[in-house]
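None of the figures in this text is laboratory data; all of them are computed from the coordinates on show. Remember, predicted model here, so these are calculated numbers, not experimental data. Please note: Cβ atoms are built from the backbone with ideal geometry, for glycine as well, and neighbour counts cover all protein chains shown.
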Amino acid sequence: MRDKKNIILILASIGTFVEALDIAIINLTIPAIQEQFNISYGTAQWLQTLYVLFFGGFLIIGGKLSDQLGRKKIFIIGAIIFMFTSLGAGLSTSFNSLALFRALQGFGAAFIMPSAMSIVINTFSEGQERNKAVGIFSSFAAIGSGSGLSIGGIITTYLSWQWVFLINVPILLITIILAYKILPTDEKNINHSRTDFLSAILLIAGLLTLTYGTHELININESPIIVIGSIVFSIFVLVLLSYRLKIVRSPLIDLNLFKYKSLLTANIAFFCLGAFFIGFLFLISLVLQKDMGYNSALTGLIMVPFSVMSALIAKFVLPKISKRLNSAKTSLIGWIFMLVGAISLLLAISFGHSLYIVMVGIACISGIGMTICFTGLSILGVQDMKASNFGIASSFTNTSYFLGGGLGLSFITLIGQFNTTNFVVGNLSVVALLIFALLALIILIVNTTSKKYKKKLKGIINVVIKF
């Protein structure tokens, strides 16, 4: 029985590893894609943005269908979609077809993530056993995100950018076959309420247009009507969605779930984590390749030790931390490393681009901080949920992560336009990472502080405001 549980955990973790890997793996392939299709860097960057948009936009639906139709069924459907769209992306002969398959990859990933999380939570007993399993599962997602740069750079240099996508096919094919044979049919905790598809359409339309409008703010002088119109339309749609969720009998999103402080805190911190880490992946690829002059292969090799470090942290350090600290405090430790990493990158960019200082920053963020943060926040987000709501709760936190990633990346790109240095990445872009880290630290400190100290903290804030 124990061995079967471990196999189920491995299958779910492999699924989330692959979709997380594809978040980062595209960054070091962009120069090769630019060259083949003769497009600008900004156009090529849509390959990352589309993936994040569709991933975040469809996550709520993926989680809801996981609860309603069954975790195993949605996991396999998501894996099949991801496998075939990876094949299509690898065989694409035009940028438009590549962008289409990249977007559909995000759609498939949105089915994999919440169903995989729900499978893990329902397989392991509540308490330390479940926390350990969720920790391992979440660490696979963190390791996948962190190792994308190293794997992407090496594959692009020694094979071709197409293999960044094609490598997913055999891995997922094996995973699908094993999942069909091994994963249990989940009838006990299935929520049989009807799916509110109109709310789903409003949610996707609102999130996609909001992220698009934010992403295109840098082009507001060229297309003011389109950019402003996208943002105004997204606000209108999201307000309409909020009203509908309050009046419909079986809403897509049960707003009452946010009465749980742990879920609300996890969502805010996950939003900051998405903005921070996806922004970091974008910036570090530019720093190493454009500002420091390393090619894709060498950039990938530089990142390899930190992928290994992330795996070691997940294997040996995280279990010890989770035994002694709750999920909120675990997340707090991870965010402290993220903050230190951002400060290191700021120092490196400000004073000569020292490789050693850059590597300290990468170690704190990709090697340590991301693994601890993602794991701690994943547990925090579902710790108070009923079994029938695991899928939707997981999709909430992951939607926050990718919405943060989309908006954060757009914000970093926007303020990057005000760079006054001779380098591609300026100080302001890294300062944005510091802001995201500080916001997350504040929300987690408030969560973990006792009522006695909260009153003192509130008093200090009031004094500062009056002053």
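What to note about this one:
- Förster radius 22 Å - calculated FRET efficiency between Phe351 and Leu434 (Cβ-Cβ, nearest 0.05): 0.85
- Positive-end extreme of charge dipole, the range 1-90 - chosen from Leu87, Ile39, Leu9 (charges on Cβ): Leu9
- Close Lys pairs in the range 272-428 (alpha-carbon distance under 26 Å; sequence gap of 8 or more, or different chains): 5.
- Rg over Rh, two decimals, the chain (C-alpha only, Kirkwood Rh): 0.95
- Percent breakdown of C-alpha pair distances by 5 Å bin, ordered from the shortest bin, for the range 1-127: 2, 11, 20, 21, 16, 11, 8, 5, 3, 1, 0
- Here the range 277-372 was treated as a single set of alpha-carbon atoms; its pair distances binned every 5 Å from 0 give 3, 14, 23, 24, 17, 10, 6, 3, 1 percent.
- Sequence ranges 48-58, 221-231, 3-13, 106-116, ranked by mean other-Cβ count within 10 angstrom, highest first: 106-116, 48-58, 3-13, 221-231
- Along its principal axes, the range 3-60 has C-alpha extents of 50, 25, 12 angstrom, given from the largest down.
- Relative to the current alpha-carbon distance between Lys261 and Ile39, full extension at 0.36 nm per residue lengthens the span by 75.3 nm.
- Radius 11 Å from Cβ of Thr330, net charge of other residues (Lys, Arg +1; Asp, Glu -1): +4
- Cα-centre dipole for the chain with unit charges at Cβ (Lys and Arg positive, Asp and Glu negative), debye to 20: 2020
- Helical contribution to [θ] at 222 nm, DSSP H n ≥ 4, -39,500 (n - 2.57), averaged over the chain, rounded to 500: -26000 deg cm²/dmol
- Of Lys73/Lys246; Lys73/Lys132; Lys4/Lys72, pairs whose Cα-Cα distance is over 27 Å: Lys73/Lys246
- The range 5-78 and the range 410-429: distance between their alpha carbon centers, rounded to Å: 27
- Inter-probe distance in nm under a simple model that places probes 7 Å from Cα toward Cβ, at Leu173 and Asp3: 2.7
- Counted by Cβ distance under 14 Å from Ser139, the other residues give a net charge of +3, where Lys and Arg count +1 and Asp and Glu count -1.
- Centre separation in Å (Cα based) which lies between the range 83-126 and the range 322-368: 29
- Overall Cα dimensions of the range 32-92 - principal axes, largest extent first, Å: 45, 21, 10
- Divide the volume of the convex hull around the Cα atoms of the range 340-379 by the residue count and you get 44 Å³ per residue.
- Formal net charge of residues neighbouring Phe82 (Cβ-Cβ distance under 13 Å; K, R +1; D, E -1): -1
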